[in-house]
Amino acid sequence: TNLYVTDQFNHTIRKIVISTGAVTTLAGSGSQGSADGTGTSASFKQPLGITTDGTNLYVTDQFNHTIRKIVISTGAVTTFAGSPGSHGSTAGTGTSAKFYYPVGITTDGTNLYVSDHYNHRIRKIVIATGEVTTFAGSGGQGSTNATGTSATFKYPIDLTTDGANLYVVDNTNSIIRKIVIATKVVTTLAGSGSAGEADGTGTSASFNKPRGISTDGSYLYVGDYVNHKIRKVAIATGVVTTLAGSGTIGSADGTSTSASFNYP
């Protein structure tokens, strides 16, 4: 019914009514801060990631190192997890836990999963309790495939889920990682690990510092940032194709590779 947008440098969360295009500010004063409150009495500091369970929004308040919760019906903002203004990697409940520039966030309805960018980890938050743990990633930089905290990432930046798996944009490694939620097994779904723009299957394909990711359940759609393209990844096979974008910076509308983007 509505879109909810993290308006990063305005430090606000915006609401767009899909049927009319009407835009309002749901939460955030427009000035940097970390105040809890309702609507525009609350404040954020460069919010970036956003997800919803249908009742609440959960936002990565990047420069506050926190996860904020917004009740959609009222605009009430609280700090759900993380210690405002203090970074770290501590596991814990609610504000006793710590993050280090959290960026991406997604949910399977029961838990939140956060790409903890500077910690090189994927964190898990139980929605019912606010309990924060490290789901995957040792904290060291790398691209090791393994289980849970034996795996390594390098500045993971966004993630999405199909309910059974997480798909992580491992930004500086220029790869897309897959994590089986039930087992925490981490593998590389697509990307060679070297910057490039080749279509192909699995690790024969290449990306250049990809950033955003979404899924329709069968495919992943990736904002291939430095390549100025939108890439499509078949979940079942790992086949990577270019969905849209010429690869040259621009703003041309058009079909597929006749269109152009500027660091999507």
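The values are calculated or read from the model by the stated rules, or taken from the named source; none is laboratory data. Here the structure is a predicted model, which is why all the values come from computation and not from measurement. We place every Cβ from the backbone using ideal geometry, glycine too, and count neighbours over all the protein chains shown. For the accessible areas, the whole protein counts, side chains as well, though only heavy atoms, and no ligand, DNA or RNA atoms are used. Shrake-Rupley method; radii C 1.70, N 1.55, O 1.52, S 1.80 Å.
Across the chain, the convex hull enclosing all Cα atoms gives 120 Å³ per residue.
Between Y219 and T201, the contour length at 0.36 nm per residue exceeds the alpha carbon distance by 5.1 nm. Entry comment: accessible area of the chain is 40 Å² per residue, from protein heavy atoms only and a probe of 1.4 Å.
What is the diffusion coefficient of segment 1-124 in µm²/s, taking the Kirkwood radius over Cα pairs and the Stokes-Einstein relation at 37 °C with a viscosity of 0.692 mPa s?
My calculation gives 233 µm²/s for D.
For segment 65-207, the equivalent ellipsoid derived from the alpha-carbon gyration tensor has semi-axes of 27, 15, 14 Å in decreasing order.
How high is the FRET efficiency between S194 and S73 when r is their beta carbon distance and R₀ equals 45 Å, given to the nearest 0.05?
FRET efficiency, S194 to S73: 0.40.
Under a Gaussian network description of the chain, with springs only between Cα atoms under 10 Å, the residue in A35, A151, A164 that fluctuates furthest is A164.
Within the listed set G54, G140, G247, the Gaussian network model of the chain (springs between alpha-carbon atoms below 10 Å) gives the highest mean-square fluctuation for G54. Sequence-distant contacts, meaning Cα pairs under 8 Å at least 6 residues apart, place the relative contact order of the chain at 8 percent.
For the chain, the carbon plus sulfur part of the accessible surface works out to 49%, probe radius 1.4 Å. Shown in residue order for segment 219-226 are the 3J(HN,Hα) couplings computed by the Karplus curve 6.51 cos²θ - 1.76 cosθ + 1.60 at θ = phi - 60°: 10, 9, 10, 10, x, 8, 3, 6 Hz (x for Gly and Pro).
Under 5 Å from the amide H of F153 lie the amide H atoms of S138, G139, G142, each residue being 5 or more positions distant or on a separate chain, with H modelled from the backbone and absent for Pro and chain starts.
Taking Cα atoms of segment 158-228, Rg/Rh with Kirkwood Rh, to two decimals?
So for segment 158-228, dividing Rg by the Kirkwood Rh gives 0.95.
Can you work out the PRE-style zone for A22? Point 7 Å along Cα to Cβ, and I want the residues of segment 43-75 with backbone N under 20 Å. Answer for this model: 71-75.
Estimate the FRET efficiency between L3 and V126 by the formula 1/(1 + (r/R0)^6), using the beta-carbon distance for r and 35 Å for R0, to the nearest 0.05.
With R0 = 35 Å, the Cβ-Cβ based efficiency is 0.85.
Its alpha carbons considered, segment 10-76 gives a radius of gyration followed by a Dmax of 11.2, 34 Å. Amide H contacts of T90 (H built 1.01 Å from N, in plane; Pro and chain starts excluded): K98 sit under 5 Å, all sequence-distant by 5 or more or on other chains.
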